[in-house]
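Down below is the structure, laid out as structure tokens.
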Amino acid sequence: MSTVNLSTITKRFGNVTAVKGLDLVIEEGEFFTFLGPSGCGKTTTLRMIAGFYYPSSGKVKFNERDMTTVPPEKRNTGMVFQNYALFPHMTVFENVAFGLNVRKINKANTKKRVEDVLNKVRLDQYITRQVSQLSGGQQQRVALARALVIEPDILLLDEPLSNLDARLRDEMRTEILRLQREYGITTIYVTHDQVEALTMSDRIAVFNYGECQQIGTPTDIYNKPVNDFVAEFIGETNLSPIIFEEKALGDDLVFHSNLLESSIHVNHSELNIAAYDGSDELVMSIRPEAIHIDGNQTTGKNNVFTGEVSLVQFTGASVHTFIKLNDNFTIKATDLNRGPSTYFKEGTEVSVHMPEDQIRVIPKA
Ligand code: ADP
Ligand code: MG
């Protein structure tokens with residue numbers, strides 16, 4: 001097991017800067033995820049940890065050891081690639097044994113280790129099968145076994161589930177997490193899928209354009225996004241630019257939203273307008289599940305708007321209701337499915353309440 005320490009690493013390809021001055025410490029035994037849209041530098045960062053690329057500048061350390069320019073075969077990392085990179089005409093055994101043969105492990109020992117790991121990934125029935133005769137999910141397990149059999153200090157997974165269908169992906173998430181916990185291995189997982197990141201990770205680093213936007217636990221990232229990019233990329237949210245207006249009674253701060261054509265009261269413990277120097281543009285973010293819809297006009301509360309239900313989307317477990325507040329702003333509210341009598345009809349006039357403590361004021365990225 002190992003910690004991974006990246007200090008100010010940058011990677012350039014010609015005039016493209018794929019990773020820009022990234023600082024990151026990954027703890028021993030942690031399940032750590034790089035999350036971000038395609039092209040944001042996730043794979044490049046993972047490859048610098050594996051040693052397939054060397055950084056243009058900055059340092060990579062495992063524990064206290066400088067690994068920046070150590071070749072991949074001397075790093076003891078196990079990697080699973082998006083396309084698995086298996087040898088299709090070799091058997092499951094031969095694929096998994098490959099890394100042990102390279103390391104000159106003797107036959108008896110190799111056999112035992114391959115059998116043990118195939119047992120762990122539940123593929124012991126398939127040991128003599130040709131890889132090309134396996135399903136996608138089974139090939140994924142072979143790739144995992146091949147990475148784990150060398151007993152790596154660090155497991156690196158690059159979008160390992162993106163070629164699987166939805167149900168299998170769900171199953172493999174649990175499977176990978178089970179293996180990671182069993183081996184207690186430091187794991188770095190790359191994905192563009194926010195659900196994978198939220199459900200699997202101890203901590204997440206959110207990337208955009210080669211830069212890390214935020215590092216935190218899944219609940220921190222979801223509940224306290226640092227800017228509008230993170231708020232919108234992880235989960236769903238309603239965003240509107242706002243301008244600070246004044247301090248009101250109590251701890252309320254009052255902003256103005258041009259989109260909503262109204263004042264907005266905000267009150268949550270971390271909002272510190274004293275530290276705001278006026279240089280960033282601000283936006284408000286409120287999650288769909290934080291919005292209350294009421295059939296009747298609610299009075300005596302701040303942040304109450306009336307609008308017309310423009311669309312109702314039924315997903316099974318939950319219901320999304322879109323309410324048009326004016327020509328420029330339609331807001332999305334999500335509620336658990338509490339039965340047909342609770343769905344709003346399209347065209348109904350409703351009032352929408354945004355609780356003060358559910359609105360986050362954040363800078364534009
Ligand atoms: P991600 O894995 O997040 O989709 P990548 O790390 O693959 O992103 O790519 C980041 C950026 O670096 C992209 O603009 C990509 O085109 C560029 N890039 C990645 N690898 C190379 C390479 N070998 N040569 C040139 N450009 C590359
Ligand atoms: Mg990639």
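So L161 ticks every box in (1) assigned to a loop (DSSP other than H, G, I, E, B); (2) surrounded by fewer than 18 Cβ atoms within 10 Å (Cβ to Cβ) but one. Which box is left unticked?
In the conditions (1) assigned to a loop (DSSP other than H, G, I, E, B); (2) surrounded by fewer than 18 Cβ atoms within 10 Å (Cβ to Cβ), L161 misses (2) alone.
Against the conditions (1) surrounded by 15 or more Cβ atoms within 10 Å (Cβ to Cβ); (2) within 23 Å of the chain's Cα centre (by Cα); (3) touching a residue at least 24 places away in the same chain (Cβ under 8 Å); (4) within 13 Å of ligand 2 (Cβ to nearest atom), where does Y53 fall short? Just the number, please.
Only one criterion in (1) surrounded by 15 or more Cβ atoms within 10 Å (Cβ to Cβ); (2) within 23 Å of the chain's Cα centre (by Cα); (3) touching a residue at least 24 places away in the same chain (Cβ under 8 Å); (4) within 13 Å of ligand 2 (Cβ to nearest atom) is unmet by Y53, namely (2).
(1) modelled with pLDDT of 95 or more; (2) surrounded by fewer than 18 Cβ atoms within 10 Å (Cβ to Cβ): which one isn't true of E245, the others all being true?
(1)
Restrict the check to the stretch 295-310 and report whether at least one residue is modelled with pLDDT under 95, surrounded by fewer than 16 Cβ atoms within 10 Å (Cβ to Cβ) and under 24 Å from G235 (Cβ atoms).
no
Condition check ((1) in contact (Cβ under 8 Å) with a residue 60 or more places away in the chain; (2) closer than 23 Å to T10 by Cβ; (3) more than 16 Å from ligand 1 (Cβ to nearest atom); (4) touching a helix residue (DSSP H, G or I) at 6+ places or on another chain (Cβ under 7 Å)) across all residues:
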| site | (1), (2), (3), (4) |
| --- | --- |
| G137 | no, no, yes, yes |
| A145 | no, no, yes, yes |
| P160 | yes, no, no, yes |
| R178 | no, no, yes, no |
| I188 | yes, yes, no, yes |
| H192 | yes, yes, no, no |
| A205 | yes, yes, no, no |
| Q213 | yes, yes, no, yes |
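Within the stretch 205-214, is even one residue within 24 Å of T174 (Cβ to Cβ) and within 16 Å of ligand 2 (Cβ to nearest atom)?
Checked against the condition, which is being within 24 Å of T174 (Cβ to Cβ) and within 16 Å of ligand 2 (Cβ to nearest atom), the stretch 205-214 yields at least one hit.
Which strands (runs of 3 or more DSSP E) sit wholly inside the stretch 252-319 and have at least 1 residues that are without any contact (Cβ under 8 Å) to a residue 40 or more places away in the chain?
In the stretch 252-319, 253-257, 262-266, 304-314 are the strands (runs of 3 or more DSSP E) which contain 1 or more residues that are without any contact (Cβ under 8 Å) to a residue 40 or more places away in the chain.
For the list (1) closer than 19 Å to F34 by Cβ; (2) more than 16 Å from ligand 2 (Cβ to nearest atom); (3) not hydrophobic (A, V, I, L, M, F, W, C), I need the number of the one condition that D193 fails.
(2)
The values are calculated or read from the model by the stated rules, or taken from the named source; none is laboratory data. Owing to the predicted nature of the structure, the values given are computational and were not obtained by experimental measurement. Glycine also receives a Cβ, built like all others from the backbone with ideal geometry; neighbour counts cover every protein chain displayed.
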